[in-house]
Amino acid sequence: MMKRLTYCAVLLLAVPAMAAELSSPSGKIKVTVSVADGAASYSVTRDGKAVLEKSPLGLIGKDFDLSKNVKLLGEKTDSIKESFEMLTGKALKINADCNRLVVSLASGERNYDVEFRAYDDGVAFAYFLKGCGEIVITSEATGFALPKGAKGWLQPRYSRRSMSVSNEGMWQAVDRGAQAIDYPHKNHKATGWCYPSMFKVGDTYALISESGVTRNYCATYLSDCDADGLYRVAFPLATECKGLGDAFATATLPFRSPWRVIMIGDLKDVVTSNLVFKVADPLSEKCKGKFPAWIKPGKSAWSWWSGGTGGPSTAIRYIDGAAALGWDYILIDARWDRWKPDAYEELRKLVDYGKTKKIGILIWYNSGGKHTWASPGVTPVNFMHERDVRRKEMAKLQEIGIAGLKVDFFDGDKQDRMKQYIGILDDALDFELLINFHGCTVPRGWARRFPNLMTMEAIRGAEAFGKGAGPEKRPPAIHNVHAAMIRNVIGSMDFTPVMFHGRCVSDHPESRDYSFELATAIAFESGITHYPDSVGSKNKGYDKVVAKYPEVGTLLREIPTAWDETRLLSGDLDSHCVFARRKGDRWYVGGLNGKTKESQALTLACSFLGEGKYDMVRIESAGKREMKITKSVTSATDTIKAELPVGGGISIMLTPKK
């Protein structure tokens, strides 16, 4: 895994006094940074049209305010030519060429830099403070000023219990200036908007998020919009994590803030952007410049959704079922520690049995600590919070042969939770454990530094259709479209897709059908995809569907979970999405109709294919619980036409003809 990184000087364009300007390598995206009336600000254009108007900059602390009395000391520019690789994601080889502007500023006695990077797919910036000792940052002046007429697809951030920070709401299509709407169930109050936040300005899309959060900071979100169209960076609420921990950041100098990231372009450019990873911290030094061989993305069976954790006999059935489907892991969820007589010995037996079937064992942990509302009722608990205890437990699991952990119920975005996330990832590298975060913050670029981070929830997924989920929690089909084109952009998403049974596929006229559910396996990206329906039961779940449709079994067996290339073939945030994903020379196409009243017609150009002919297998809707299979030959000069019914989807496998 080689990385190239070189720097060369570029000319600073002539702009008005007290201002500096930077363009992306293509010249399409331009950033202007200015200092006027004692305040620093920036603006962004694409093709000469405003994407962000004059937007404020600055950090505010206990003894300083970098948004006031600001002076420009100087600026310098250069270019960065960089490429790197990932183990998971929508593209594993990433080009990160950009132009860079470093603006040196002063406020009072404190000097600091703001570094801007302009890429062909967007802009990122971060604050750099020199010195030694500690500083306390209480808020940011940083904002994003959307022009009049901008439209957003935004997810409210709720203030009550875990929904406040688990990012499990639904996106709302709103005009600039609209306030976040309270969740109608259980009095959840909206306090702003979650990342990633999608906007459309004219014909340009802009997706705002955050990357490179370290132990030195808290995670942030967007405030409600003010009367001038300004959304500000907001800090966690004091009430998060049961009120434990500081709602501000204590940073050790020298200090870099998290990167503020704005992915910019046509919808297809934004949806396939990897900008969050381009500015993230590079591969951990523990990896010694290459990906560890024990880190293996893959597919996992998961019993909790369809029947609960169960006991060791359930796990054995799932090992057998996963092996029959050609998968790689099973996930044993909460309360496995209550197995008798000795839960760890039962795990050891399952690991040994799994080895005979080439199936790894993943297990669940509560993140608590007193910070989670689920403690101490949902166990195992009190193993992941304190470092010494955590490392002792991880060493024990490594000796048993456990492949990875699902750590759940974080319930807050305060700085101490960021320390815990990063501590878990860092320690897990030492003990060769894969990590899946649930009940968690959104991805913030960590998968580049920690390749053992396979996926994160931060989505209202299959659990919304599981046991105990009332109708108010069940999202419409358009939610899946938003999940694929908004949430999944910034990192792997543990939606736990493909639910053939239960409340998801029902006789309700607006529910999804089998073809829709199957297509989510392609439309969604996750380093480990956890499949929630039952396995090892001939009369239900995947076994029943695969027995009737062998091509479905082929797709579920052969589909990768890490991709060489991803393209958005067709998409609209109010109606549908169609993704094409490539691994090697094979392509998979997955489309979802998010509309509730009408079908979606598709005409897809096959120009993404390579030379020659391809064998094509199409799997489409033939009713709620029926699918039709069509086999043919196609090429790059052809088009694919399809009609997706309400709640329907399409899955296509394309293999070069021998």
List every residue pair whose Cβ atoms lie under 9 Å apart, where the two residues are 6 or more positions apart in sequence or sit on different chains, the first residue falls within the range 64-75 and is under 10 Å from G108 (Cβ atoms), and the second residue, located anywhere, is open to solvent by 100 Å² or more (accessible area, probe 1.4 Å). F64/E109
Just one of the numbered conditions (1) open to solvent by 50 Å² or more (accessible area, probe 1.4 Å); (2) at pLDDT below 95; (3) touching a helix residue (DSSP H, G or I) at 6+ places or on another chain (Cβ under 9 Å) is not true of S537; which one? (1)
Tell me which residues, restricted to the range 46-64, are open to solvent by 40 Å² or more (accessible area, probe 1.4 Å) and of a type outside the set (A, V, I, L, M). D47, G48, K49, E53, K54, K62, D63
Wholly within the range 272-383, helices (runs of 4 or more DSSP H) carrying at least 1 residues that are touching a Lys or Arg at 6+ places or on another chain (Cβ under 9 Å) and among the aromatic types (F, W, Y): 275-278, 304-307, 343-357
Pull up the range 106-123, narrow it to residues that are in contact (Cβ under 8 Å) with a residue 60 or more places away in the chain and outside any strand (DSSP E or B), then point me to the one that is surrounded by the most Cβ atoms within 10 Å (Cβ to Cβ). D121
Contacts under 7 angstrom Cβ, first residue in the range 412-430 being more than 18 Å from A251 (Cβ to Cβ) and open to solvent by 10 Å² or more (accessible area, probe 1.4 Å), partner among the charged types (D, E, K, R) and modelled with pLDDT of 95 or more, 6 or more apart: L429/K286
Residue by residue through the range 383-398, note down the ones that are buried (at least 18 other Cβ atoms within 10 Å of the Cβ) and in contact with an Asp or Glu (Cβ under 7 Å, 6 or more places away or on another chain). F383, R390, M394
Does at least one position in the range 332-348 carry a residue that is in contact (Cβ under 8 Å) with a residue 60 or more places away in the chain, within 18 Å of L405 (Cβ to Cβ) and crowded, with 18+ Cβ neighbours inside 10 Å? yes
Counting only strands (runs of 3 or more DSSP E) entirely within the range 569-658, those with at least 3 residues that are crowded, with 21+ Cβ neighbours inside 10 Å and touching a helix residue (DSSP H, G or I) at 6+ places or on another chain (Cβ under 7 Å) are 576-583, 586-593, 614-621, 649-656
Here the residues within the range 627-643 that are touching a Phe, Trp or Tyr at 6+ places or on another chain (Cβ under 8 Å) and closer than 20 Å to C577 by Cβ are M627
Quick one: in the range 219-243, which of the residues that are in contact with a strand residue (DSSP E or B) (Cβ under 8 Å, 6 or more places away or on another chain) and polar (S, T, N, Q) is surrounded by the fewest Cβ atoms within 10 Å (Cβ to Cβ)? S223
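Yes or no, residue by residue, for (1) touching a Gly at 6+ places or on another chain (Cβ under 8 Å); (2) in contact (Cβ under 8 Å) with a residue 40 or more places away in the chain; (3) more than 22 Å from E551 (Cβ to Cβ):
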site: W587; (1), (2), (3): no, yes, no
site: K597; (1), (2), (3): no, yes, yes
site: A601; (1), (2), (3): no, yes, yes
site: A605; (1), (2), (3): no, no, yes
site: L609; (1), (2), (3): no, yes, no
site: D615; (1), (2), (3): no, yes, no
site: I619; (1), (2), (3): no, yes, no
site: I629; (1), (2), (3): no, yes, no
site: V633; (1), (2), (3): no, no, no
Could you look through the range 349-382, keep only residues that are at pLDDT below 95 and surrounded by fewer than 18 Cβ atoms within 10 Å (Cβ to Cβ), and pick out the one that is nearest to G307 (Cα to Cα)? G377
Inspect all residues belonging to the range 494-515 and state whether any of them is open to solvent by less than 10 Å² (accessible area, probe 1.4 Å), part of a loop (DSSP other than H, G, I, E, B) and on the phi > 0 side of the Ramachandran plot. yes
Return a yes/no flag: does the range 65-82 have any residue that is open to solvent by 20 Å² or more (accessible area, probe 1.4 Å) and over 30 Å from I135 (Cα atoms). yes
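The values are calculated or read from the model by the stated rules, or taken from the named source; none is laboratory data. As the structure is a prediction and not an experimental result, all values here were calculated from the model. Because the Cβ atoms are built from the backbone with ideal geometry, glycine has one as well, and the counts that use them run over all protein chains shown. Heavy atoms of the whole protein, side chains included, go into the accessibility calculation; ligands, DNA and RNA do not. Shrake-Rupley method; radii C 1.70, N 1.55, O 1.52, S 1.80 Å.
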